[in-house]
Structures are given as C-alpha cells and as structure tokens.
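The values are calculated or read from the model by the stated rules, or taken from the named source; none is laboratory data. Keep in mind it's a predicted model, so treat the numbers as computed, not measured. So basically every Cβ, Gly included, is an ideal-geometry build from the backbone, and we count neighbours across all protein chains shown. Each accessible area value is taken on the protein alone, full model and side chains, heavy atoms only, with ligands, DNA and RNA left out. Shrake-Rupley method; radii C 1.70, N 1.55, O 1.52, S 1.80 Å.
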Amino acid sequence: VVFGTMRTGVPNDAIRDQAGMTFLDRVWQRAPFATHGLLVARVMEVTTDWLQADRHTRDQAQAIRNAAARAGEELRP
C-alpha cells in the first residue's frame, strides 16, 4: 500500500476481500476526494473495516493511516 511515495510495507494485493477488491481498490472507489482530509477519512474507514475483519493487523493499519496522512503534499493535483 503506497500513497505517493509514502510506502507502508503492507502489501496491497496479498489479502483481497470477498468481492476480490484490494485495500486500495476500496479506498479509491470513492475517489475523487475533494480534500486530503476526505482521503484520510476514507483510509481510516477502510483500515477499520479491514482490521475488524482480521485482514490487517493493528500495526499494518497504523502504518497505512500514517502514510496516508503524510502524503498530503504529494497527492495534490
């Protein structure tokens, strides 16, 4: 899972949900995001879902959240 150049160390394609979508598929299905804050909110939502479903560990979820938050400048159009 990568946001701009912010790498998380968490594979995006290793664990797919029942619909065959990766983590980033789930995040970007709500794009475009009007603000970076809305992207981060979506990342928070998906990481919470995947954490509760045991698709990610707490450390993985936190790494993803941190990378999304730090990538604001890189993701600007």
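Structure values in brief
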{"quantity": "Cα-centred dipole magnitude for the chain, charges only on beta-carbon of K, R (+1) and D, E (-1), debye, nearest 20", "calculated": "120 debye"}
{"quantity": "Percent RCO, i.e. relative contact order, over the chain, from Cα pairs under 8 Å lying at least 6 residues apart", "calculated": "41 percent"}
{"quantity": "Carbon plus sulfur fraction of accessible area for the chain, probe 1.4 Å, in percent", "calculated": "50 percent"}
{"quantity": "Ranked packing of 32-40, 44-52, most packed first, by mean Cβ within 10 Å", "calculated": "44-52, 32-40"}
{"quantity": "Simple spin-label estimate for Gln29 and Glu73 in nanometres, 7 Å along Cα-Cβ", "calculated": "3.3 nm"}
{"quantity": "Å² per residue, accessible surface of region 8-77 at 1.4 Å", "calculated": "61 Å²"}
